[in-house]
Structures are given as C-alpha cells and as structure tokens.
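Notes for the one structure printed next.
The values are calculated or read from the model by the stated rules, or taken from the named source; none is laboratory data. Note that the structure is predicted; figures quoted are calculated from it, not measured. Methodologically, a virtual Cβ is constructed for each residue, glycine included, from the backbone with ideal geometry; neighbour enumeration extends over all protein chains shown.
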Amino acid sequence: MTDDLGLAAERTRLAWRRTALGLAAGSVAAGRLLQDVVGTAAWGVALGGLVAAGVVLLAAGRRRGWLLSAARRDLPGGRLVTACAAGTALLGVAALAVVVLAPPL
C-alpha cells in the first residue's frame, strides 16, 4: 500500500510540476506578446503568473509530504485544482477581452 501511495504521490507531484512549468512559460509568452497591446502592464500580468507557478510548486511539494505521512488516512480537498482552474478561466476571459477590444493593427 505504501509503495502504491508513494508512486501515486510522485506522479501527482510531477503533474503539478508540469502544470507550474506550463503556467510559467505561458505567462512569459503572454507578457511578450501582449507588450505591444497593453504596454508594461503585460509584464505585471506575467509576473503574477510566475508567482502563481511558484505557489503551485510549493503547494504541490507540501501536498506530497502530506500524502506520504502515515498518520493521515483522509485525502486532501481539491482547493488547489479549483484555484488553478478559476485562475486559468479568469486569464482566458481577460485575454479574450484584450483581443476583442484591441484596435486593429
């Protein structure tokens, strides 16, 4: 049982690491691409995305330790997943608004 849980925790940690890497890369790319449209505010958004990627990495590491502890048998809630989904949806709506409201080139 412990080996299965250890491997599951490792796969989960690697999946969250991939998510954080994608979030960081997407934030930097969005900052670069939106710089011409919204100016320096695009780099503020990119910095926010990089901070969010760091939070995801830290939370995933804490979560792995929590899962591997033998004293706890109940599984954690899905707050991190919900926060990532809500943040991604919010960024998507903001990007759509920028594209729709931007003057044509």
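Listing for the model above:
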{"quantity": "Residue list for region 14-39, filter: modelled with pLDDT under 85 and among the β-branched types (Val, Ile, Thr)", "calculated": "Val37, Val38"}
{"quantity": "Val28 vs. criteria of a type in the set (A, V, I, L, M, F, W, C) and farther than 30 Å from Pro103 by Cα", "calculated": "no"}
{"quantity": "Members of region 4-48 found to be in contact with a Leu (Cβ under 6 Å, 6 or more places away or on another chain) and under 19 Å from Ala83 (Cβ atoms), listed by number", "calculated": "Ala20, Ala24, Ser27"}
